[in-house]
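Everything on this sheet refers to the single structure shown next.
Values in this text are rule-based calculations from the coordinates and carry no lab data. From a predicted model like this one, the values you see are computed outputs, not experimental measurements. Cβ atoms come from the backbone with ideal geometry, glycine included; neighbour counts cover every protein chain shown.
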Amino acid sequence: MDKYYKAIKENICKYCVDSNEDGKCTLSKQEICAVEFYLKKIIQIVHSVDTEEISVYHQKLRDEVCSNCKTSNNEFCYLREDANCSLDRYFPLIVETIKKVDVGLIT
Ligand code: SF4
Ligand code: SF4
C-alpha cells in the first residue's frame, strides 16, 4: 500500500490543481481527497481486471466507489460535474500509475 501511496504522491499530486508548486496538497483539514480516501479500493479495482480499456475501470469506479460516496446522488455528483473530484479528474493517470508500480516501472 505504501508504494502505491508514494507513487500517487509523486505522479498525481505533482500535477493536481490542488497542489502547490512543490507538489504539496493545499486542501484544508476539513476537505477530503477522494484519491487518498479510496486508495485501497482503487487498487482493488485495478487489480480486479486486466484490460487496456479505461472505460472498464471507469465503470467499476462508478459502481464500487461513486455509488457509495456521500456526494453522489442517483449517479449525479456535483463534485464530478464541476471537475472538482481529484479521483475522477485524474483517474486514467491513477490507473496507469498503479499498473506501473505493479510491473516495477515505478518503485
Ligand atoms: S487533492 Fe488529492 S490528488 Fe490533489 S494534491 Fe491533494 S492529495 Fe494529491
Ligand atoms: S466522482 Fe463524486 S461520487 Fe465519485 S468519488 Fe468523486 S466525489 Fe465521490
query: Between V35, V95, V17, which gets the highest mean-square fluctuation from a Gaussian network model of the chain, Cα cutoff 10 Å?
result: V17
- line: Given pairs K41/K70; K29/K100; K9/K70; K29/K70 and cut-off 22 Å on Cα-Cα distance, the over-length ones are K29/K100; K9/K70
- request: Treat the count of other C-beta atoms within 10 Å as a stand-in for reagent exposure and order D82, D102 from fewest to most.
  value: D82, D102
- line: Per GNM of the chain with C-alpha springs under 10 angstrom, the most fluctuating residue out of S55, S28, S86 is S28
- prompt: Residue by residue through region 66-74, which ³J(HN,Hα) values in whole Hz follow from phi under the Karplus form 6.51 cos²θ - 1.76 cosθ + 1.60 (θ = phi - 60°), with glycine and proline marked x?
  reply: 4, 5, 9, 7, 6, 8, 8, 9, 6
- request: For the chain, set up a Gaussian network in which alpha carbons nearer than 10 Å are linked by springs, and say which option among Q59, Q30, Q44 fluctuates the most.
  value: Q30
